[in-house]
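Every number in this text was worked out from the coordinates using simple rules, so none of it is lab data. What you see is a predicted model, and the numbers here were worked out from it, not measured in a lab. Note that each Cβ is placed from the backbone with ideal geometry, even for glycine, and that neighbours are counted across all protein chains shown.
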Amino acid sequence: MDDPRVLRWLMRAVAAVFVLGLVSAFVRNADGPADPYLEVERDAGGASAPASLPSRGARAPFQAFAETPFRIMSAQAQEAADHCALLADTAILQAKGMMHQSDFGGYAGMIFAFPTESSGLFFMRNTGLPLSIAFFDSDGAFVSSADMDPCPDDVVDCPLYGSDRPYRYALEAPKGSLTSLGAGPGAMLALSGAGCSG
């Protein structure tokens, strides 16, 4: 390996394999089937209704994302249902989020879990579906929420979305589904450990 030409050739080969691997990962998930839960539902009068939540047992995790069970106890409810979300708990997964995804793969949403409270902002570049986001503090208490629309690649400055005060957890879900999940003023989020049952 004393020949610099061989070393350069090997470095280029490794770089090419790395790039092909990245492209392959994106292509593999790019043409997945549309999520039937994200279809706009209409009531009897023709008005749009919030998206339905996915049923258990039909989940397909994205590459590298774990899953986490969670529940949200709303201020009005006496009981809370268990749900399952994709988990973004590293800087790399948080940067990727729902980019290049056409649906949630049967999950109720994606939870971004930060090691400490954050004031970071979210954006929707390369995200093809409208989302709602709810922010929760370190104790799991609801902070605020927002609806977020996709931002096309040709837009220079995508809108940024943040919380009213620092948060530790953020839940992204299909636009209009936060109420169905129980997220709103007075609600409390609880993560239930690793892996979802059912």
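Okay, here's what the table says:
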{"item": "FRET efficiency for Ala146 and Gln63, using Cβ-Cβ distance with R0 set to 25 Å, rounded to 0.05", "result": "0.35"}
{"item": "Vicinal HN-Hα couplings computed from phi for segment 142-150 (Karplus, 6.51 cos²θ - 1.76 cosθ + 1.60; Hz; Gly/Pro x)", "result": "4, 9, 5, 8, 7, 9, 10, 9, x"}
{"item": "Charge-dipole axis of segment 101-198 as Lys and Arg at +1 and Asp and Glu at -1 on Cβ define it, positive-most pick from Gly120, Ser144, Ala183", "result": "Ala183"}
{"item": "Most to least packed among 122-129, 165-172 [average Cβ atoms within 10 Å]", "result": "165-172, 122-129"}
{"item": "Sequence-distant residues sharing a close amide H with Gly128 (under 5 Å, placed H)", "result": "His100, Gln101"}
{"item": "Cα-centred dipole magnitude for segment 51-150, charges only on beta-carbon of K, R (+1) and D, E (-1), debye, nearest 20", "result": "320 debye"}
{"item": "Total formal charge among the other residues, if their Cβ is under 14 angstrom from that of Gly182, Lys/Arg +1 and Asp/Glu -1", "result": "-1"}
{"item": "Segment 143-190, dipole about Cα centre (Lys/Arg Cβ +1, Asp/Glu Cβ -1), debye to the nearest 20", "result": "400 debye"}
{"item": "Spin-label proximity, Ser192 to segment 136-172 - amide N less than 13 Å from point 7 Å beyond Cα toward beta carbon", "result": "none"}
{"item": "Long-range HN-HN contacts of Met148 with modeled amide H, under 5 Å", "result": "Leu131, Ser132, Ile133"}
{"item": "Distance in nm between pseudo-label sites at Glu117 and Gln76 (7 Å out along the Cβ direction from Cα)", "result": "2.8 nm"}
{"item": "Under-5 Å amide H pairs with Arg168, H placed in peptide plane, nonlocal only", "result": "Ser118, Phe136, Asp137, Ser138"}
